[in-house]
Amino acid sequence: MKTILFFLFLLSSCDLQNRYPKEGEFCELNQNPAPCFYINFREKQMVLNEKSLPLHMIFRVKYEFNYEGKDFILDVLGEHRLGITEKGNSEYQQKIFNRKKPTKKSKE
């Protein structure tokens, strides 16, 4: 009986934390100048080209948004990485965006 209770406790403590990904600015690495956008996951808002877009949450790590009449899927691939694919377009390759590092303040 103690063994069963121990395993139940162990399984209940191994759950994912109930939190949203951190907000921030994400940029594509393979282009110069790199296109960037800002996302606030808690507010479900994305700012792209100075235009605010609503995000529709599918899962805590998967969102949908519409931009210029096209539907896109945003996947949170890691703490500092996102992937965006066009919904329903098999020829559209997933674009990877990394979190922009904050600029360091110079010491004076």
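The values are calculated or read from the model by the stated rules, or taken from the named source; none is laboratory data. What you see is a predicted model; the values in this text were computed from it and never measured. Methodologically, a virtual Cβ is constructed for each residue, glycine included, from the backbone with ideal geometry; neighbour enumeration extends over all protein chains shown.
Things worth noting here:
- Segment 46-57: number of residues that are over 12 Å from F72 (Cβ atoms) and under 14 Å from the mean Cα position of the chain (by Cα): 3
- Matching option when the condition is touching a residue at least 24 places away in the same chain (Cβ under 8 Å), in a strand (DSSP E or B), surrounded by 13 or more Cβ atoms within 10 Å (Cβ to Cβ) and out of contact with any His (no Cβ under 7 Å at 6 or more places or on another chain), among I84, I96, I73: I96
- If only residues of segment 4-36 that are among the hydroxyl-bearing types (S, T, Y) and in a loop (DSSP other than H, G, I, E, B) are counted, the one that is modelled with the lowest pLDDT is S13.
- Within segment 58-108, considering residues that are at pLDDT 90 or above and among the polar types (S, T, N, Q), the one nearest to the chain's Cα centre (by Cα): N98
- Top-ranked residue in segment 56-70 [being among the charged types (D, E, K, R) and not in a strand (DSSP E or B); ranked as surrounded by the most Cβ atoms within 10 Å (Cβ to Cβ)]: R60
- Test: residue in segment 37-55 that is at pLDDT below 85 and either surrounded by 10 or more Cβ atoms within 10 Å (Cβ to Cβ) or not in a strand (DSSP E or B) (or both): no
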